[in-house]
1. Select from the range 123-172 the residues that are of a type in the set (Lys, Arg) and in contact with a Lys or Arg (Cβ under 9 Å, 6 or more places away or on another chain) and list them in ascending order.
2. Just to check your reading of the model, which residue among 60, 28 is more than 26 Å from residue 108 (Cα to Cα) and not acidic (Asp, Glu)?
3. Output the residues belonging to the range 185-205 that are hydrophobic (A, V, I, L, M, F, W, C), open to solvent by less than 50 Å² (accessible area, probe 1.4 Å) and closer than 28 Å to residue 330 by Cα.
4. Just to be sure I understand the filter: pairs with C-beta atoms under 6 Å, separated by 6 or more residues or on different chains, first member in the range 4-25 and farther than 21 Å from residue 176 by Cα, second member assigned to a loop (DSSP other than H, G, I, E, B) and not basic (Lys, Arg). Which pairs pass?
5. Quickly run through the range 133-157 and pick out the residues that are outside any helix (DSSP H, G or I) and closer than 20 Å to residue 234 by Cβ.
6. Looking only at residues in the range 1-15 that are open to solvent by 10 Å² or more (accessible area, probe 1.4 Å) and aliphatic (A, V, I, L, M), which one is nearest to residue 268 (Cα to Cα)?
7. Listed residues 62, 23; which is of a type outside the set (Gly, Ala, Ser) and more than 22 Å from residue 124 (Cβ to Cβ)?
8. Hey, does the range 168-184 have a residue that's among the hydroxyl-bearing types (Ser, Thr, Tyr), part of a helix (DSSP H, G or I) and surrounded by 20 or more Cβ atoms within 10 Å (Cβ to Cβ)?
Amino acid sequence: MRLVVATNFDDVLVEKISKYPVKYIYGSQTETLTGHGRASFILPKVDDEKLKEHISVAHSYKIKFLYTMNTANLHGKEYDEHFLNKLKNEIEKLINFGVDGFIVALPFLIYFIRKEHPDIEVSVSSFARITNIRKVEEYLQIGANTVIMDEDTNRNFTLLEASAKLAKKYNADIEVITNNTCLWSCPYKLTHDQVTSYLSAKDGVKNVWFEYPVLFCATEVRNDFANIIRMRWIRPEDLHYYEEIGIDRFKIAGRNKKTDWLVNVVKAYSEREYKGNLLDILSYVQGRATTSALRRINESSNYEILMKVYVDNTQFPPNWLSYFKYNRCEERTCEECRYCDIVAEKVIKIDGKPFFQQQEKIRPPIELIPRFVSHGEDNR
């Protein structure tokens with residue numbers, strides 16, 4: 001097992017997770033030249049000195065540091081020679097700070113980094129949305145050392161096994177994300193990638209304090225709690241399914257999380273067991289982030305129920321994930337299949353009561369989006 005863990009830039013975090021099979025931590029400064037995979041307002045403030053210090057601490061525990069430069073869009077700045085010079089200098093600075101590699105989503109950035117630094121590690125971010133073997137092949141040929149699969153592929157074991165075999169031919173790795181809670185085949189994902197990218201760039205939109213696409217997927221969960229089971233997270237108990245097909249590199253998300261939370265998650269996946277509410281070790285932005293944001297503007301009444309969800313990780317049927325080895329979600333509707341609905345009835349409780357669909361469905365309150373902007377206050 002090799003864990004790749006989000007960092008919140010607390011040096012104590014590195015010390016606490018060093019006793020587990022953590023090979024990499026990853027993160028970036030708060031606002032960056034390119035933008036990256038988390039909106040700046042949810043991240044700690046990290047200047048050059050803090051970045052250098054944190055990388056040094058990681059190295060002292062023999063943990064490598066990967067810098068996230070995984071914007072989904074450079075907004076046409078590839079054509080700007082002034083920007084390209086700044087980008088070159090930025091990469092040189094980061095390597096001098098001790099960065100061991102980069103996580104990127106754009107082929108342009110792979111070529112750009114490889115031109116001057118052919119030997120540095122490059123991981124292709126899940127923001128590249130790699131969902132088929134041809135994309136895996138293309139990125140390996142471009143020069144990726146690691147391909148981080150789109151979460152949507154986490155239960156497509158045929159694709160994952162083929163990808164792992166292909167990566168091995170290139171002396172490369174396939175990595176899967178364990179604990180994100182993106183909706184299965186989320187229609188809002190590409191929009192969210194773009195929003196996050198420009199909310200984390202130095203020249204991006206300012207004063208926003210909530211990523212509105214999260215409201216959309218929170219509404220989907222609130223309307224149908226079986227969507228939680230359809231999400232492509234991986235339980236600690238199920239890591240062996242991936243190891244059996246040649247994948248042993250697992251990413252733990254949570255750059256905006258507190259140290260104790262991250263340590264708890266690393267412990268659970270390292271020990272391959274978690275007894276409690278599965279949502280405690282998943283990102284679950286639909287519940288925590290959305291409800292908090294809506295409370296701030298006194299509009300949370302329809303969403304408070306998201307904070308009353310309990311997913312009993314001890315009640316999943318034995319070998320429940322085997323179902324996905326023989327059934328392809330890509331060609332079958334959830335309404336026709338209903339496997340996740342059956343599992344949801346076994347493991348989910350709402351406010352202490354057994355789960356069943358009973359709520360009147362609502363639509364996302366898009367009229368609230370302009371209110372997710374501050375007027376001068378610091379939201380970090």
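1. Narrowing the range 123-172 to residues of a type in the set (Lys, Arg): 129, 134-135, 155, 165, 168-169.
Once the filter is applied, which keeps residues that are of a type in the set (Lys, Arg) and in contact with a Lys or Arg (Cβ under 9 Å, 6 or more places away or on another chain), the range 123-172 yields 129, 135, 155.
2. On the way: 28 fails: more than 26 Å from residue 108 (Cα to Cα).
Just one listed residue meets the conditions, 60.
3. Step one: filter the range 185-205 for residues hydrophobic (A, V, I, L, M, F, W, C), giving 186, 190, 195, 199, 201, 205.
Checking which are open to solvent by less than 50 Å² (accessible area, probe 1.4 Å) leaves us with 186, 195, 199, 201.
Correct list: 186, 195.
4. Between residues of the range 4-25 that are farther than 21 Å from residue 176 by Cα and residues that are assigned to a loop (DSSP other than H, G, I, E, B) and not basic (Lys, Arg), the close pairs are 9/44; 9/46; 14/61.
5. Of the range 133-157, the ones outside any helix (DSSP H, G or I) are 143-150, 154-156.
Residues satisfying the conditions are 146, 147, 148, 149, 150, 154, 155, 156.
6. Within the range 1-15, the subset open to solvent by 10 Å² or more (accessible area, probe 1.4 Å) is 1-2, 8-12, 15.
Filter once more, keeping what is aliphatic (A, V, I, L, M): 1, 12.
Working: 1: 13, 12: 18 Å.
The selected residue is 1.
7. Values: 23 fails: more than 22 Å from residue 124 (Cβ to Cβ).
It is 62.
8. If we filter the range 168-184 for residues that are among the hydroxyl-bearing types (Ser, Thr, Tyr), which is where we start, we get 170, 178, 181.
Narrowing further to those that are part of a helix (DSSP H, G or I): none.
No, the range 168-184 has no match at all.
The values are calculated or read from the model by the stated rules, or taken from the named source; none is laboratory data. Fair warning: this is a prediction, and the values are worked out from it, not measured in the lab. No Cβ is skipped: glycine too gets one built from the backbone with ideal geometry, and neighbour counts run over all protein chains shown. All accessible areas refer to the heavy atoms of the entire protein, side chains included, with ligands and DNA or RNA removed. Shrake-Rupley method; radii C 1.70, N 1.55, O 1.52, S 1.80 Å.
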